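S.K.: Below you'll find the structure I mean.
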């Protein structure tokens with residue numbers, strides 16, 4: 001069972017999170033970070049730092065250029081280089097099978113993939129409230145962008161599918177349950 005004092009690579013948790021836009025990946029990552037002490041990394045942040053982006057306005061386009069240009073391996077190398085050698089890690093935003101493969105190969109039995117699922121209506125509602133997308137059409141356009149095309153293929157690789165259909169507290173309970181199933185002691 002993982003301990004919280006200097007875990008070794010074989011006993012710590014490295015949780016990758018994937019899912020459609022607005023499914024709850026960032027909420028899950030922030031909970032694992034602030035509520036459970038995980039190091040929290042986002043593919044989008046690593047991409048922004050690598051490509052020198054100051055805003056997220058064109059992040060999907062840059063992400064698609066990286067995927068289409070065969071640079072997904074380099075993006076993964078940069079992300080993995082930021083993972084501290086001790087402690088639990090939550091990685092938000094896996095979008096490509098290579099993301100899964102690189103994390104799985106790097107962390108072996110310590111790596112678990114969560115597919116966070118939510119209906120399109122729920123996802124749109126979350127993003128609309130956050131003023132991220134002003135219209136359903138703009139949300140659907142972003143959700144169907146080519147950079148998002150491989151996400152559903154990761155569902156079958158997931159250790160667990162988390163249905164995010166309720167409140168944030170429901171999501172947090174599902175995450176705690178997932179961590180317990182991965183062998184981590186979770187105190188309430």
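Read-outs: derived from the displayed coordinates by stated rules, not from any lab. If you're wondering where the values come from, they're calculated on a predicted model, not measured in any experiment. Glycine also receives a Cβ, built like all others from the backbone with ideal geometry; neighbour counts cover every protein chain displayed.
S.K.: Can you give the calculated 222 nm mean residue ellipticity of the chain, where each DSSP H run of n ≥ 4 adds -39,500 (n - 2.57) and the sum is split over every residue, rounded to the nearest 500 deg cm²/dmol?
M.R.: Calculated mean residue ellipticity at 222 nm is -14000 deg cm²/dmol.
S.K.: In what order do 179, 67, 17 fall by count of nearby beta-carbon atoms within 10 Å, going from fewest to most?
M.R.: 67, 179, 17
S.K.: Test of understanding: extend the Cα→C-beta vector of residue 153 to 7 Å, then name every residue of segment 53-96 with backbone N under 12 Å from that spot.
M.R.: Flagged as within label range: 68, 95-96.
S.K.: Restricting the calculation to Cα positions, tell me the Rg (one decimal) and the Dmax (whole number) of segment 73-168 in Å.
M.R.: 15.2, 43
S.K.: Within segment 145-188, what residues put their amide N at less than 16 Å from the label point 7 Å along the Cα-to-Cβ vector of residue 122?
M.R.: 160-178
S.K.: Would you work out the relative contact order for the chain, in percent, from Cα pairs under 8 angstrom that are 6 or more residues apart?
M.R.: 35 percent
S.K.: Could you work out which residue, out of 87, 70, 24, moves most in a Gaussian network model of the chain, that is, has the largest mean-square fluctuation with Cα springs under 10 Å?
M.R.: 70
S.K.: Ranked by Cβ crowding within 10 angstrom, fewest neighbours first, how are 58, 150 ordered?
M.R.: 58, 150
S.K.: Which of 82, 120, 72 moves the most in a Gaussian network model of the chain with Cα springs under 10 Å?
M.R.: 82
S.K.: Mind jotting down the distance between the C-alpha centroids of segment 10-63 and segment 131-150, whole Å?
M.R.: 18 Å
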